[in-house]
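Colleague: Have a look at the structure that comes next, please.
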């Protein structure tokens, strides 16, 4: 049985309070990190093999190493707590139940990259979580873990919470920066990348909540310990958020690389009402769906990429045999259409047209050639958009068409659902 690491304290009474965090071993990593040279700390994170838990899976230590060492240039750290991917609910639990785990990770990250200021960008709907974070930050200041000369060192750092307005696009790192700066949340052109020109035009690192929560554990137990968990190229613990047609939906912290079968059937209890599995989405709605034959796929970045999908946010959405895949595709595209920022034509127009075609297929008004039209629209969107939102929408639809094209064609021919 795998013992939780990131979620080990969430069921402890008052786990969000600093005294409880300290009692359970919190803020032990921070003084250790402050005694290290920053290059050694970055190398430690590299050696751990930690890859970003926000979806892209990029090496965290390598990302940190891109930041200039020039002490005269201000630098920033931004925590992406927007968590707008449908089906995803892992970060909010860390925020609400163990905020000091995140805060300690952020302080260590700031020290490593030389940042004197950091922001937690949290989605506007997480009002409760934002309040918890603000209380926890105030506690950290009182204990000397934030502010001037942290824990008697020469390092000073300030941390604040920035509330978004509920736009999914602000989960994209450059749109997040635009929002913090007070502008409309729309993505920037890259390059330059945030590591060179980020928040307020200065070098910036942007990491996900779960990523930063791993940092204190790496410092406390060492990079070899972290690297020993899960597969060599995608090590460490991973929080899987399982929802949909399962008996026990919820969060399950398991080693990276645990198979989809184990996640769904062993931990989430299998399919509700003892029905058959029809499909599952491994990483939030932008990840192409998989089917029963894919259940033994390890849930890690590389194994899922080899299957033509992605780990993403590890939001495992399970669908049983009664599910209409066309309706799932329509609802998914409805979300992306609504959340498109409108900056580029392929996404703004393409998601709208794709939704309209899916809507008429689902509601018995399909025309001959509509399935082919969907495939054509996908080709006109994918790889042509300003940011990954349009690509994510297309990947989700292509996954549905790849595995259930016959169901789409049945809708067109018979004007009704197959199930």
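A short reminder: the numbers here are calculations on the coordinates, not readings from a lab. Bear in mind the structure is a predicted one, so any value in this text is a computation, not a measurement. Cβ: placed from backbone, ideal geometry, glycine included. Neighbour counts: every protein chain shown.
Colleague: Compute the normalised compactness of segment 356-419: alpha-carbon radius of gyration over 2.2 N^0.38 Å, N being the residue count.
Modeller: This ratio for segment 356-419 stands at 1.15.
Colleague: From the helices alone, meaning DSSP H stretches of at least four residues, give me the mean residue ellipticity at 222 nm for the chain, per-run term -39500 (n - 2.57), in deg cm²/dmol to the nearest 500.
Modeller: Value at 222 nm, helices only: -12500 deg cm²/dmol.
Colleague: Among 314-323, 130-139, how do they line up from the highest to the lowest mean number of other beta-carbon atoms within 10 Å?
Modeller: Going by the mean number of other Cβ atoms within 10 Å, highest first, we get 314-323, 130-139.
Colleague: Same structure again: When DSSP beta bridges are limited to those with both residues in the chain, what percentage is antiparallel, rounded to the nearest 5?
Modeller: On the way: 15 of 36 bridges.
Roughly 40 percent of the DSSP beta bridges within the chain come out antiparallel.
Colleague: Using a Förster distance of 30 angstrom, determine the FRET efficiency expected from the C-beta separation of residue 125 and residue 56, and round it to 0.05.
Modeller: For R0 = 30 Å, the calculated efficiency reads 0.80.
Colleague: Also, I was wondering about something else. Compute the length gained on full extension between residue 274 and residue 134: take 0.36 nm times their separation in residues and subtract their Cα-Cα distance, giving the result in nm to one decimal.
Modeller: Gain in length upon complete extension: 46.0 nm.
Colleague: What is the spin-label model distance, in nm, from residue 39 to residue 367 if the labels are put 7 Å beyond Cα along the C-beta direction?
Modeller: 6.5
Colleague: Also, quick follow-up: Could you check the spin-label model distance between residue 224 and residue 349? Points 7 Å from the Cα along Cα→Cβ, value in nm.
Modeller: Computed distance between label sites residue 224 and residue 349 equals 5.9 nm.
Colleague: Any chance you could give the angle, 0 to 90 degrees and rounded to 10, that helix 99-113 forms with the longest Cα principal axis of the chain?
Modeller: 70
Colleague: On to the next question. Given R₀ = 25 Å, FRET efficiency for residue 158-residue 181 by Cβ-Cβ distance, to 0.05?
Modeller: In this case the efficiency is close to 0.90.
Colleague: Express in nm, to one decimal, how much length is gained between residue 28 and residue 247 on full extension, taking 0.36 nm for each residue of separation and deducting their alpha carbon distance.
Modeller: So the extension gain works out to 75.0 nm.
Colleague: In whole angstrom, how far apart do the alpha carbon centroids of segment 43-119 and segment 153-220 sit?
Modeller: Computed from Cα coordinates, the inter-centre distance equals 8 Å.
Colleague: What nm distance separates the two modelled labels at residue 338 and residue 20, each placed 7 Å from Cα along Cα→Cβ?
Modeller: For residue 338 paired with residue 20, the spin-label model returns 3.3 nm.
Colleague: Starting from the Cα of residue 165, move 7 Å in the Cα-to-Cβ direction to define the label point; list residues of segment 334-373 whose amide nitrogen is under 14 Å from there.
Modeller: Counting backbone N atoms under 14 Å from the label point, the list is 341-342.
Colleague: Just to verify a number: FRET efficiency for residue 232 and residue 1, C-beta to C-beta distance, R0 = 30 Å, to 0.05? Write out the running numbers ahead of the final one.
Modeller: Numbers: r = 23 Å, r/R0 = 0.76.
Between residue 232 and residue 1 the formula returns 0.85.
Colleague: For the Cα atoms of the chain, what angle does the longest principal axis make with the long axis of helix 127-142, in degrees from 0 to 90, nearest 10?
Modeller: In the chain, helix 127-142 runs at an angle near 10 degrees to the longest axis.
Colleague: Same structure again: Rounding to the nearest 10 and keeping the result within 0 to 90°, find how far the Cα-based axis of helix 345-362 lies from the longest principal axis of the chain.
Modeller: Its long axis makes an angle of about 50 degrees.
Colleague: Sorted by packing (mean other beta-carbon atoms within 10 Å per residue), highest first, where do 331-337, 203-209 land? Walk me through the numbers before you get to the answer.
Modeller: Working: 331-337: 21.1, 203-209: 25.7.
Descending mean neighbour count gives 203-209, 331-337.
Colleague: What fraction of the Cα pairs in the chain, stated in percent, has a spacing above 40 angstrom?
Modeller: Values: 15500 of 87571 pairs.
That tail contains 18 percent of the Cα-Cα pairs.
Colleague: If packing is taken as the average count of other Cβ atoms within 10 Å, what order do 95-107, 112-124 fall into, highest mean first?
Modeller: Per-residue Cβ counts within 10 Å, averaged per peptide and sorted highest first, yield 95-107, 112-124.
Colleague: Which of 297, 38, 12 moves the most in a Gaussian network model of the chain with Cα springs under 10 Å?
Modeller: For the chain, modelled as a Gaussian network with Cα springs under 10 Å, the answer is 12.
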